[in-house]
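Below: the structure, in structure tokens.
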Amino acid sequence: MRNFPRARARRGATLIETICTTFVLVLITTAVLGLAAAGTRTADQRTLEIGMGGYARTTIDEMLRELRAADQIMVSRPIAGRTYTTDYANIVFEAPGFDPSSPQGILPGVYDVVAFRFDTARRELVETTLVGAGSKRAAR
């Protein structure tokens, strides 16, 4: 015959206690991993926003530099087989030709036509240039 009171004195963890402990650890691990994943997504989104802000500033600076040198804003002008019209999403202007070797960077008597078009589908600004004879402006 066995002595049950002595067996209870050497007792370890029961199956129920082990299952409950495992369940609690799984819940805690799931919560911690979820928070880590959310933090990573937020950091990636913030990095993207910062990069887009820098790109927008660079693009606006380039546009302003071109517009300050503009000779006239045009209503409509064909460039490379496509007609660009100044409206809510596009601006077409004529600027003096570009000559990096001159002190002002201007090539007298030569004009380039520049069009900035906002592509709403891709949400980006596209520049198209019709370069005059002798101008060193990059044709894009």
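The values are calculated or read from the model by the stated rules, or taken from the named source; none is laboratory data. Keep in mind the model is a prediction, meaning the values are calculated, not measured. Here Cβ is always computed from backbone atoms with ideal geometry, including for glycine, and neighbour counts include all displayed protein chains. Side chains are part of the model used for accessible areas, which takes the heavy atoms of the whole protein and leaves out ligands, DNA and RNA. Shrake-Rupley method; radii C 1.70, N 1.55, O 1.52, S 1.80 Å.
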Considering each residue of region 47-91, count those that are among the polar types (S, T, N, Q), at pLDDT below 80 and closer than 22 Å to A121 by Cα, and give that number.
2
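Out of the residues in region 52-71 that are part of a helix (DSSP H, G or I) and either under 16 Å from V131 (Cα atoms) or of a type in the set (S, T, Y) (or both), which is most open to solvent (accessible area, probe 1.4 Å)?
Y55
Can you find, within region 80-105, the residue that is farthest from the chain's Cα centre (by Cα) among those that are of a type in the set (A, V, I, L, M, F, W, C) and surrounded by fewer than 16 Cβ atoms within 10 Å (Cβ to Cβ)?
Here the residue is A80.
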Pairs returned, first residue in region 55-69 that is among the acidic types (D, E), second residue that is surrounded by 13 or more Cβ atoms within 10 Å (Cβ to Cβ) and not in a helix (DSSP H, G or I), beta-carbon separation under 6 angstrom, 6 or more apart or interchain, are E66/V114
Is it true that V24 is at negative phi, open to solvent by less than 80 Å² (accessible area, probe 1.4 Å), assigned to a strand (DSSP E or B) and of a type outside the set (S, T, N, Q)?
no
Quick test of your reading of the structure: R10 fulfils all but one of (1) of a type in the set (K, R); (2) at pLDDT 80 or above; (3) over 30 Å from R123 (Cβ atoms). Name the failing condition by number.
(2)
Across region 106-140, what is the total count of residues that are under 25 Å from the mean Cα position of the chain (by Cα) and among the small types (G, A, S)?
4
Which one is farthest from Q72 (Cα to Cα), of the residues in region 83-140 that are part of a loop (DSSP other than H, G, I, E, B) and of a type in the set (K, R)?
R122
